[in-house]
Structures are given as C-alpha cells and as structure tokens.
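Engineer: A single structure is presented below for examination.
The values are calculated or read from the model by the stated rules, or taken from the named source; none is laboratory data. Here the structure is a predicted model, which is why all the values come from computation and not from measurement. Heads up, the Cβs are rebuilt from the backbone with ideal geometry, glycines too, and the neighbour counts pull from every protein chain shown. Each accessible area value is taken on the protein alone, full model and side chains, heavy atoms only, with ligands, DNA and RNA left out. Shrake-Rupley method; radii C 1.70, N 1.55, O 1.52, S 1.80 Å.
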Amino acid sequence: MKIGIICYPTYGGSGVVATELGKKIAEEGHQVHFISYAMPRRLSQFFENIYYHEVESSNYPLLEHNLYGLSLTSKMLEVIEYENLDLVHVHYAIPHAVSAYLAKQVLKKMNSDIKVITTLHGTDITLVGLEPSFLPLVKFSIEESDGVTAVSRFLKEKTITNYQIEKDIEVVHNFIDTSLYRKVENGKFKAHIAPNNEKILIHTSNFRPVKRVPDTIRILAKVKEAMPAKLLLIGDGPDRSECERLARELDLQKDVIFLGKQDALHEILSIADIFLMPSQSESFGLSALEAMACNVPVVCSSVGGLPELVIHNETGFIAEIGDTDRMAKYAIDLLKNERKHKVFSDNSRKRAVEQFESNLIVPKYLDYYEKILAS
Ligand code: GMT
C-alpha cells in the first residue's frame with residue numbers, strides 16, 4: 001500500500017502515534033508519505049520506505065493569517081497525484097480531516113478519488129472541537145471520512161454523544177514498542193538525580209492546563225512529609241512557569257527537577273518509582289503507557305481512557321481529578337512497601353507487553369486500511 005500520513009510534528013501524543021505507526025508499517029514494506037509543516041521529531045534519521053513532504057506556508061502580504069489548512073490540502077493533492085497514494089490517514093481531526101475532505105472533493109472533480117481515514121486522539125474531540133464555532137465542521141469532517149478510529153472506548157463514546165454522530169468508529173488503542181521502551185540500567189543518572197537514594201516521582205507532558213502539572217508538585221509536597229523524594233518533570237509548555245513558581249512557593253526548588261523536552265525517555269523513566277498523571281482529561285494516556293513499559297506503576301486521575309490502561313490496585317492507582325491527597329496517599333503506600341511496588345511494577349510491564357505492544361496493535365490499523373480500501 002501507499003499511505004499518506006498527516007500529523008502534527010511536535011511532541012504531542014497524536015504526532016508520536018502517527019510517526020511510530022508510519023515507521024512500523026514502512027517496516028512491513030508499505031510506502032509511507034508523511035505530510036506536515038515540519039519533520040516529525042521521531043523521523044530524524046533515514047528509514048526505508050518513508051518519505052517526507054513539507055507543507056509550506058504562503059507568505060504573500062495580503063494573507064496575514066496562516067492558511068495552513070488550505071496549504072495542507074494543496075500539498076495532499078500534489079502528493080496523492082504524484083505518488084499515487086491509496087489512502088490518507090489523518091491524525092487529529094482539526095484541521096487535518098477538513099483539509100482531507102477538501103482534497104477528496106477536488107479529486108472527485110478530476111474523476112479521481114482517495115480514501116480518508118481520520119484518527120481521533122483527544123483534545124480534538126474533548127476540548128478544541130467542542131468550541132461552538134468548530135463543532136459543526138468537526139462533526140462534518142468526521143462523518144465524511146471513509147473510516148474513523150478513536151484511541152479509546154471512552155473517546156469513541158464521547159464522539160458519538162458530543163457530536164451526535166451515527167458512524168462506525170473503530171477503537172484502536174495507543175501502542176508501544178516494548179523492545180525499545182524497557183527498563184534499562186541507569187545508575188549514574190539515578191545517583192545524580194537522587195544522591196541520597198530519594199524516591200523518584202516522574203511526569204512527562206506538554207505542560208498544558210489539561211495535564212494539571214501543578215498537581216504533581218502538590219503530590220510531591222505530601223509524599224515528602226512521609227519520606228525523602230524528588231519529582232522529575234519532563235517536557236515543556238504553557239504551565240511550566242506556573243510550576244516553577246509553585247515549586248518556589250512550596251520551597252521545593254531543590255526537589256522538583258525540570259529536564260525540559262527529552263528524547264531518550266526510556267532511559268529517564270527507568271530510574272523512576274512512580275509515574276504521575278493527574279490530568280483533567282486524557283483520552284488514553286500514551287505517556288503513562290511509556291512509563292508502564294519501563295516497569296513504572298502509574299498514579300492517575302479517573303478520567304477518559306485512563307481506566308482502560310491503568311488497572312486500579314494492580315498496575316497503579318486511580319483517584320478523583322484534583323484529589324492530590326489521595327494520589328499522594330497511594331504513592332506513599334506503594335513507595336513504603338517494596339514488595340508491593342515490585343508486584344505493581346511487574347504488572348505494569350506485563351500489561352504493556354500483553355495488551356499494547358505495537359506488534360499487536362499495528363496490524364489492527366493495517367486490517368482497517370484494507371477494510372476501508374475494499375469498501
Ligand atoms: O493533548 C495532548 O496531550 C496531546 C494529544 C495529541 O493529540 O497530540 O494527545 C492525545 O493523544 C494521545 C495519543 O493518542 C493520547 O494518548 C492522549 O491521551 C491524548 N491527550 C488528551 O486526551 C489530553
């Protein structure tokens with residue numbers, strides 16, 4: 001097959017899923033063409049069967065506002081025609097699904113066609129898409145896609161109820177390559193972060209308000225009342241300054257360590273004892289899965305698709321949004337009990353391998369491609 005993948009190139013989960021999916025299907029011998037405004041972060045080396053097409057923005061003075069959606073449609077048309085693509089798979093509905101719809105209409109006028117699959121990832125449905133001005137367009141672009149997938153049962157249900165959509169939506173969970181994401185020995189780094197053998201809590205995200213990153217600092221403050229501990233914060237984004245301010249206010253500057261954006265995540269996750277995900281909304285929680293694959297149990301909020309990933313009292317603990325007291329209590333319970341922590345840690349890895357390994361999930365996308373192409 002010849003597949004076009006349209007995604008955001010930065011650190012967001014949808015871009016990561018799209019890139020890892022493209023790499024895996026290229027390994028299977030399919031030709032994959034990524035279309036985006038910048039090279040997706042995880043494509044920084046040469047991969048056989050993978051091609052990259054950059055969408056350039058128009059800089060004509062009259063067009064003060066970026067016309068990304070239209071530039072993307074034009075680039076899609078160019079690539080579909082020149083490379084003879086079989087289908088395009090767009091990740092994150094806004095504006096990708098709309099641009100794809102437009103490309104499809106243009107092709108129809110030229111007596112041609114392309115199948116469009118849209119994968120819904122999260123805030124495209126739960127937040128941005130719900131803005132009244134966007135909602136009708138998002139609903140329309142989902143209904144007009146030839147195939148639609150959602151990354152959790154939760155997101156599928158939300159899409160059906162919030163947008164009144166009567167369409168088959170296939171649930172395909174996020175996945176992880178557990179041969180890459182695994183616990184590795186990293187004693188030197190651990191000694192650097194926790195020189196006195198403090199327990200290590202960790203959180204990775206894009207620091208958007210929906211992630212409630214300041215809650216991780218409140219949890220650390222409570223855990224520290226019971227034992228020495230550090231908090232590693234990976235990533236960057238709008239709430240980072242607020243987190244730095246809160247850490248100073250709680251006199252935790254020395255214990256909250258901001259590492260910024262990082263690539264070798266499995267090496268960093270490997271030194272952690274607990275992964276914190278106190279999100280306000282989370283359609284699946286890919287970063288929690290990355291932690292689980294590295295044997296790190298997760299303490300998270302009871303939102304969205306997280307209960308499809310984290311099994312309460314088995315691979316971690318789930319508490320109400322904002323209940324940092326309970327999250328801290330759960331963390332302390334695990335950190336104080338070495339045997340229990342080991343069981344949770346093994347369970348986490350086992351669940352990642354047995355349920356969410358890429359070898360199990362990627363074929364579901366390929367089967368779905370075949371089904372849509374045959375429809
Ligand atoms: O909102 C984000 O954190 C980024 C967003 C994205 O689409 O880039 O992530 C969403 O997609 C991920 C991959 O499918 C999911 O694992 C995340 O749970 C989801 N984020 C939210 O729902 C907040």
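Engineer: Taking the alpha-carbon distance from Lys190 and a cut-off under 15 Å, which aspartates and glutamates remain once sequence neighbours fewer than 8 residues away in the same chain are dropped?
Structural biologist: Glu198, Asp255, Glu267, Asp273
Engineer: Would you please give the residues with an amide H less than 5 Å from that of Gly316, counting only those at least 5 places away or on a separate chain, with H modeled from the backbone geometry?
Structural biologist: The answer is Val298, Ile311.
Engineer: Still on this structure, I have one more. Taking the alpha-carbon set of the range 187-356, what are its Rg and Dmax in Å?
Structural biologist: 14.3, 43
Engineer: Below 8 Å, C-alpha to C-alpha, sequence gap of six or more: please give me the relative contact order for the chain in percent.
Structural biologist: Details: 706 pairs, mean separation 50.9, N = 375.
Rounded, it is 14 percent for the chain.
Engineer: Using a Gaussian network model of the chain whose springs link C-alpha atoms within less than 10 Å, name the residue from Lys336, Lys230, Lys211 with the highest mean-square fluctuation.
Structural biologist: Lys336
Engineer: With charges only on Cβ, +1 for K and R and -1 for D and E, what is the dipole size of the chain about its Cα centre, in debye, rounded to 20?
Structural biologist: That gives a dipole near 940 debye.
Engineer: Taking every pair of distinct Cα atoms and averaging 1/r, then inverting, what Kirkwood hydrodynamic radius in Å comes out for the range 112-215?
Structural biologist: 17.1
Engineer: P(r) tail for the range 127-188, what percent of Cα pairs lie past 14 Å?
Structural biologist: Numbers: 1219 of 1891 pairs.
Counting every Cα pair in the range 127-188, those more than 14 Å apart make up 64 percent.
Engineer: Given the convex hull of the Cα atoms of the range 53-96, what is a quarter of its surface area in nm²?
Structural biologist: So the Cα hull casts an average projection of 3.6 nm².
Engineer: Step through the table entries Lys211/Lys342; Lys230/Lys342; Lys75/Lys371; Lys188/Lys329; Lys183/Lys350; Lys2/Lys167, compare each Cα-Cα distance with 23 Å, and write down the pairs that go over it.
Structural biologist: On the way: Lys211/Lys342 27 Å; Lys230/Lys342 19 Å; Lys75/Lys371 26 Å; Lys188/Lys329 29 Å; Lys183/Lys350 12 Å; Lys2/Lys167 26 Å.
In this structure, Lys211/Lys342; Lys75/Lys371; Lys188/Lys329; Lys2/Lys167 lie more than 23 Å apart at Cα.
Engineer: May I ask you to work out the translational diffusion coefficient for the chain at 20 °C, viscosity 1.002 mPa s, via Stokes-Einstein with Rh from the Kirkwood sum over Cα pairs, reported in whole µm²/s? List each step's numbers first, then the result.
Structural biologist: Values: Rh = 21.5 Å.
Value of D from the Cα-based Kirkwood radius: 99 µm²/s.
Engineer: Then there's this: Please list 3J(HN,Hα) in residue order for the range 90-95, calculated via the Karplus relation 6.51 cos²θ - 1.76 cosθ + 1.60 where θ = phi - 60°; whole Hz, with x for glycine and proline.
Structural biologist: Working through the residues one at a time gives 9, 10, 6, 5, 9, x Hz.
Engineer: If DNA, RNA and ligands are ignored and the probe is 1.4 Å, what is the ranking of Arg42, Arg248 by accessible area, most exposed first?
Structural biologist: Working: Arg42 65, Arg248 140 Å².
Most to least solvent-accessible, the answer reads Arg248, Arg42.
Engineer: With charges set only on the Cβ (+1 for Lys and Arg, -1 for Asp and Glu), what does the dipole of the range 187-356 come to about its Cα centre, in debye to the nearest 20? Display every interim value, and only then the final one.
Structural biologist: On the way: 24 positive and 24 negative charges, 76 e Å.
Here the size comes out at about 360 debye.
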